[in-house]
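Below: the structure, in C-alpha cells.
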Amino acid sequence: MQIKRKRVQAVPDRQDDILSLKKSSQALEIWGRLVRNKTAMVGLIILVVLILTAIFADYIAPYGYDDQVLDDNFIPPCAEHIFGTDNFGRDIFSRVVYGSRISLQVGLISMGFAVIVGCIVGSIAGYYSGVVDNIIMRIVDIMLAIPSILLAISIAAALGPGLRNVMIAIGIGSVPQFSRIVRASILTVKEQEYIEASRATGASDLRIIVSHILPNCIAPIIVQTTLGVGNAILNAAGLSFIGLGVQPPIPEWGAMLSAARQYIRDYWWMLTFPGLAIMLTVFALNVLGDGLRDALDPRLKS
C-alpha cells in the first residue's frame with residue numbers, strides 16, 4: 001500500500017514539473033525573440049535608464065527641482081549646468097530628472113487604472129454577450145468616437161488641473177481600447193473545450209474568467225499597456241502644456257515646455273531638453289511595444 005501511495009503522489013509532482021518547465025521554456029523563447037529585435041532592445045535600455053533615473057533622482061540631480069538663483073537665470077549649457085538654467089535660475093537638468101518621476105507615475109498609474117477597468121468591462125461584455133454586450137459596446141463606441149486627447153481634456157477641464165485629475169482623465173480615456181481587446185480575446189476562447197469542461201465541473205463564471213480566460217488574453221494586454229504608457233505620457237505633457245495638467249513648480253516635462261515657449265527665440269535649451277526627454281521616452285515605449293507584439297505572437301515562431 002505504501003508503494004502505491006508513493007506512485008500516486010509522484011504523478012502530480014511530475015506533471016507540475018513538466019508544466020513549470022514548459023512555462024519557463026516559453027518565457028525563454030519569448031525573451032530570445034525579443035533580444036533578437038535590436039530596435040526593441042534599444043527601447044528597453046532607454047526605458048531602464050529612465051526608470052533608474054526616476055528612482056535615484058535625489059542622487060542624480062545636482063540641485064533641487066525648485067532651487068532658484070535669480071542671478072543665474074538664462075545660463076546656457078555649461079559645466080556647472082549641463083542643460084542650462086531657466087528664467088528663474090533653476091537647473092534644467094535637475095528638473096528634467098525629477099520630471100521623469102512625474103511622467104512615469106502618470107503613465108503607469110493611469111494605464112493600471114485603464115487595464116483594471118477595461119478588463120472588467122471587456123470580460124463582462126465578451127463572456128455574457130447578448131444585450132449586455134450590445135449596451136456596453138455601444139458606450140465604448142461612443143467613447144472611441146472622441147479622440148483620446150480631447151476626451152482627456154474634457155475630463156481634466158471638468159475635474160480641474162492637478163496630477164491626480166490628469167491620471168484619472170487619461171485612465172478613463174484609455175479604458176475603451178482595453179475593453180475592446182479583452183472582449184475580442186474572450187470571444188475567441190470562451191467556447192473552447194477546456195472552458196466547457198470548467199463549466200461542467202461547476203466552476204463559477206468569475207473563476208472561469210479569471211483563471212482560464214484572462215490568462216489567454218495577457219499577451220495583447222501587455223502590448224497595449226506598453227504602447228499606452230507612451231501615449232499617456234504624451235497626453236499628460238499635452239494637458240500640462242495647455243494648463244490643465246500638473247501645476248508649477250512641479251517639474252513636469254509638458255509644463256516645462258509651456259513655461260519656456262515664450263523664450264524659444266533666444267534661449268533654445270529651455271525647450272530642447274524637456275522635448276527630447278518626452279521624445280525619447282515615447283520612442284522607447286513604442287519600439288518596445290512593437291517588439292513585445294512580435295515576440296509574443298505565436299505565429300512568428302521559427
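Residues in the stretch 156-182 that are crowded, with 19+ Cβ neighbours inside 10 Å, closer than 10 Å to Leu244 by Cα and in contact (Cβ under 8 Å) with a residue 12 or more places away in the chain: Ala156, Val166.
Considered as a group, the residues in the stretch 49-95 that are under 21 Å from Ala284 (Cα atoms) and of a type outside the set (A, V, I, L, M, F, W, C) include one that is surrounded by the most Cβ atoms within 10 Å (Cβ to Cβ), and that residue is Arg95. For the stretch 239-279, which positions are under 18 Å from Arg101 (Cβ atoms), part of a loop (DSSP other than H, G, I, E, B) and in contact with a helix residue (DSSP H, G or I) (Cβ under 7 Å, 6 or more places away or on another chain)? Within the stretch 239-279, Gly245, Val246, Pro248, Ile250, Pro251, Glu252 qualify.
Of the listed requirements (1) assigned to a loop (DSSP other than H, G, I, E, B); (2) within 20 Å of the chain's Cα centre (by Cα); (3) not hydrophobic (A, V, I, L, M, F, W, C), Gly202 misses just one: (2). Looking across the stretch 197-237, the residues that are of a type in the set (S, T, N, Q), at pLDDT 85 or above and under 24 Å from Ile30 (Cβ atoms) come down to Gln224, Thr225, Thr226, Asn231.
Is it fair to say Val121 is surrounded by fewer than 18 Cβ atoms within 10 Å (Cβ to Cβ) and of a type in the set (Val, Ile, Thr)? It is false that Val121 is surrounded by fewer than 18 Cβ atoms within 10 Å (Cβ to Cβ) and of a type in the set (Val, Ile, Thr).
Just name the residue that is surrounded by the fewest Cβ atoms within 10 Å (Cβ to Cβ) out of those in the stretch 232-267 that are small (Gly, Ala, Ser) and farther than 13 Å from Asp86 by Cβ. The selected residue is Gly243.
The values are calculated or read from the model by the stated rules, or taken from the named source; none is laboratory data. All values derive from a computational prediction rather than experimental measurement. All Cβ positions, glycine included, derive from the backbone under ideal geometry; neighbour counts span all protein chains shown.
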